[in-house]
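Chemist: For reference, the structure I am asking about is given below.
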Amino acid sequence: MQSAAQHTADNGVNVTALLGAREALGQAPEAARFNWKATCRWMHGTHSRSHVQGYYGLGQEQRHRTEFAFDTDHPEVFASEDHGATPVEIVLSGLASCLTAGIAAVAQNRGIQLRSVKATLEGSMDIQGILGIDSDVRNGYDDIKVTFDIDADASQKDIEALVAQSQKRSAVYDIITNPTNVSVEVHKKR
């Protein structure tokens, strides 16, 4: 049942469906196990193209309506051809997108009308690690700074609570801030 506040905000998020899914999956936790998939093919130089279409969830194979493609490369300052964002920029984009989607969903659920949400992310790293110059330097980000500019029919405190709840539920924030087991297998193509 929707509250009157939910009727006054229209941020484009179907909260009724999300809450229904949460209730249904709470009663059938095995259906909540998802397996996301991506494939990546080397194009040339440091340029590669990743594709996303199929995934497993709700107990069966699923497909997006369309296949999505993401080109990655390194910039010209790395003697590359700059055919796409760098992989570390894609990570920032994933975090920004996940947090922003969460803000929209939480705002809708709380009856808060959003007018605009802009996330700006900056990740700092010392590339001496990935270049093999200094093995004591980490290969990844030293830190990531997320700044939100949000215009909404809400107090500063309520807006901060939206961001905090989004951060608490963000899968990408969790992936970045907590260890994740990653296994790598190599198959030689004949």
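Chemist: Accessible surface of residue 134 in the full protein assembly, 1.4 angstrom probe, to the nearest 10 Å²?
Modeler: 50
Chemist: Kindly flag which residue pairs out of 145/188; 118/168; 37/188 have an alpha-carbon separation exceeding 29 Å in this structure.
Modeler: 145/188
Chemist: Okay, moving on. Sort 44, 187 by accessible area with a 1.4 Å probe, largest first.
Modeler: Putting 44, 187 in descending order of accessible area: 187, 44.
Chemist: If I compute Cα Rg over 2.2 N^0.38 Å from the structure I just sent, which labelled value in (1) 1.69; (2) 1.08; (3) 1.23 lines up?
Modeler: The value computed from this structure is option (3).
Chemist: Pop a pseudo-label 7 angstrom from the Cα along the beta-carbon direction at both residue 147 and residue 47 and give the gap in nm to one decimal.
Modeler: Here the modelled spin labels are 3.3 nm apart.
Chemist: In debye, nearest 20, what is the charge dipole magnitude of the range 56-150 about its Cα centre with +1 on Lys and Arg Cβ and -1 on Asp and Glu Cβ, if you could check?
Modeler: It comes to approximately 900 debye.
Chemist: Span-like helices, the chain: DSSP H, alpha-carbon axial extent 24 Å or more, mean Kyte-Doolittle 1.0 or greater, which ones?
Modeler: 87-109
Chemist: Could you tell me the accessible area of residue 160 in Å² (1.4 Å probe, neighbours in place), rounded to the nearest ten?
Modeler: Roughly 100 Å² of residue 160 is accessible to a 1.4 Å probe.
Chemist: Not counting ligands, DNA or RNA, and with a 1.4 Å probe, what is residue 67's accessible surface area in Å² rounded to the nearest 10?
Modeler: 100
Chemist: What order do 18, 95 take when sorted by accessible area (1.4 Å probe), most exposed first?
Modeler: My answer, sorted largest first, is 18, 95.
Chemist: Of the accessible area of the chain, with the probe set at 1.4 angstrom, what percent is carbon plus sulfur?
Modeler: 52
The values are calculated or read from the model by the stated rules, or taken from the named source; none is laboratory data. Just so you know, these numbers come straight off a predicted model, no measurement behind them. Quick reminder, even Gly has a Cβ in these numbers, built from the backbone with ideal geometry, and neighbours come from all protein chains shown. When the accessible area is computed, the model is the full protein with side chains, heavy atoms only, and any ligands, DNA or RNA have been set aside. Shrake-Rupley method; radii C 1.70, N 1.55, O 1.52, S 1.80 Å.
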